[in-house]
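**Q** Input: one structure, supplied below.
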Amino acid sequence: MMQETRLLMIHGLLGPIDYFGPARCLPGVEVHAPDMIGYRRRRSEDAGIDLPRQADAMARYLREDIGKPAWLLGHSVGGAVAMMVADREPALVRGLISVEGNFTLRDAFWCARIAALGEEEWAAEYGAMEDAPATWLEKSAIEADDERIAWARDILGNQPYGTVQRMAGSVVEETGKPDWPELVRRVLVRGTPLVLLGGEQSAAGWDVPEWVLAAARQVLVQPKTGHMMMLEDPRNFCRIVGAIIGGGNEGAAAQ
C-alpha cells in the first residue's frame, strides 16, 4: 500500500472511532480521527453541535490539517457527516467509505427516539448506560469480554449526554429534509468513489436507497458482526478498510 494514503475517520453519534488503535493495523496509511464538536477533547464546546457545522469542522480539518486528498470513512451518523464533507470539498476526497452511514430517516430510528425524550429522561437513561457498559453491549448482542467492556466505557464516557441528544435531533432534522437526497446525488454524480460496508448481522436493516446501491463501487459485508463491527472484530475491520483503500476486498463478503 502506498505511503501517501490518507484516511480521515469520522465517528458516529457516540465517539471516538480510534479506541481500537486503527493506525497500528493500517500500515502505510496516515490515519486521522479528529473529535467532532462536543466530543472528547472538545466536549466542553457547546456551539455548533449539529450536522452542518460538524461537517464544516471536518472539512476545515481536511483542508488545514491534512491538506491533500484523503479517503473519508464515516460510521453511522459519521457517514452523513462524511457525505456533507465530500459535498463541500470534492477535490480533497479520494473516496468515501460509508460504514452503515445514515442515508434516510429510517436509519435514524435511535436518533429519533433520543431526540423525542425529555432532557432529564435522556440524562438518566444515558447515565445508566455509562454505569453499566457490559449491559449496553449485551443489549446490542455483543459478547462483553474485558477488552470490549473497557472500550465501551471509553465510548460512553467520551461525550456528555447533551451532545448526544443535540446530535440526534440534528440527524433527524437534516436527513429528513427534501434536499438531503440531492446532496448525496451531487456527491455521486461527481464520480466520488463510494464503498458501502455493513455488518453481517445488521446490514439487512440498513436503509440504503437503490440508486445509491447502484452507484456504489463496492457493497461489502463484514462477517459475524453487527453495527459496531470495529468493536467486535477490529482486526478484520482494518483489513477490510485497508483493502478498500488499496483496491481489494480482503476480509469481506461482496454483495
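The values are calculated or read from the model by the stated rules, or taken from the named source; none is laboratory data. Small disclaimer: the values here were computed from a predicted structure and weren't measured. All Cβ positions, even for glycine, are placed from backbone atoms using ideal geometry, and neighbour counts span all protein chains on display. Areas reflect the complete protein model, heavy atoms only, side chains present, ligands, DNA and RNA absent. Shrake-Rupley method; radii C 1.70, N 1.55, O 1.52, S 1.80 Å.
**Q** Which pairs do you get when a residue that is under 11 Å from I37 (Cβ atoms), found in the stretch 51-62, comes within reach of a residue that is part of a helix (DSSP H, G or I) and open to solvent by 50 Å² or more (accessible area, probe 1.4 Å), reach meaning Cβ atoms under 7 angstrom, with the pair 6+ apart or on two chains?
**A** A55/R88
**Q** Being among the charged types (D, E, K, R), surrounded by 18 or more Cβ atoms within 10 Å (Cβ to Cβ) and modelled with pLDDT of 95 or more is the requirement here; does D207 meet it?
**A** No.
Okay, residues lined up against (1) surrounded by fewer than 15 Cβ atoms within 10 Å (Cβ to Cβ); (2) under 25 Å from P223 (Cβ atoms); (3) at pLDDT below 95; (4) more than 16 Å from the chain's Cα centre (by Cα):
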position	(1), (2), (3), (4)
R88	no, no, no, yes
A91	yes, no, no, yes
E100	no, yes, no, no
F103	no, yes, no, no
A115	no, no, no, yes
E121	yes, no, no, yes
D131	yes, no, no, yes
E143	yes, yes, no, yes
L156	no, no, no, no
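**Q** List every residue pair whose Cβ atoms sit under 6 Å apart, with the two residues 6 or more apart in sequence or on different chains, where the first one lies in the stretch 144-166 and is farther than 24 Å from D50 by Cβ and the second, anywhere, is surrounded by fewer than 19 Cβ atoms within 10 Å (Cβ to Cβ).
**A** Close Cβ pairs satisfying both conditions: A144/A134; A144/E138; I149/A134.
**Q** State whether the residues of the stretch 20-30 include one that is part of a strand (DSSP E or B) and in contact with a helix residue (DSSP H, G or I) (Cβ under 7 Å, 6 or more places away or on another chain).
**A** Within the stretch 20-30, one or more residues are part of a strand (DSSP E or B) and in contact with a helix residue (DSSP H, G or I) (Cβ under 7 Å, 6 or more places away or on another chain).
**Q** Right, something else. When you check G242 against the structure, is it open to solvent by less than 20 Å² (accessible area, probe 1.4 Å), in contact (Cβ under 8 Å) with a residue 60 or more places away in the chain, part of a helix (DSSP H, G or I) and under 30 Å from I149 (Cα atoms), yes or no?
**A** yes
**Q** Let me ask something else about it. Out of everything in the stretch 1-59 that is among the aliphatic types (A, V, I, L, M) and open to solvent by 30 Å² or more (accessible area, probe 1.4 Å), what residue ends up being nearest to V93 (Cα to Cα)?
**A** If we take residues in the stretch 1-59 being among the aliphatic types (A, V, I, L, M) and open to solvent by 30 Å² or more (accessible area, probe 1.4 Å), then V31 is nearest to V93 (Cα to Cα).
**Q** Right, something else. State which residue is farthest from T225 (Cα to Cα) when the search covers only the stretch 109-150 and only residues that are outside any helix (DSSP H, G or I) and among the acidic types (D, E).
**A** D145
**Q** Shifting gears a bit: Can you name every residue in the stretch 175-203 that is within 29 Å of R41 (Cα to Cα) and either in contact with a Phe, Trp or Tyr (Cβ under 6 Å, 6 or more places away or on another chain) or free of Cβ contacts under 8 Å to residues at least 24 places away in the same chain (or both)?
**A** Residue satisfying the conditions is G198 alone.
**Q** Let me ask something additional. Tell me, which residue of the stretch 66-78 that is outside any loop (DSSP other than H, G, I, E, B) and open to solvent by 10 Å² or more (accessible area, probe 1.4 Å) is farthest from A216 (Cα to Cα)?
**A** Ranking the candidates gives I66 first.
**Q** Looking at (1) part of a loop (DSSP other than H, G, I, E, B); (2) touching a Lys or Arg at 6+ places or on another chain (Cβ under 9 Å), which is the only condition W211 fails?
**A** (1)
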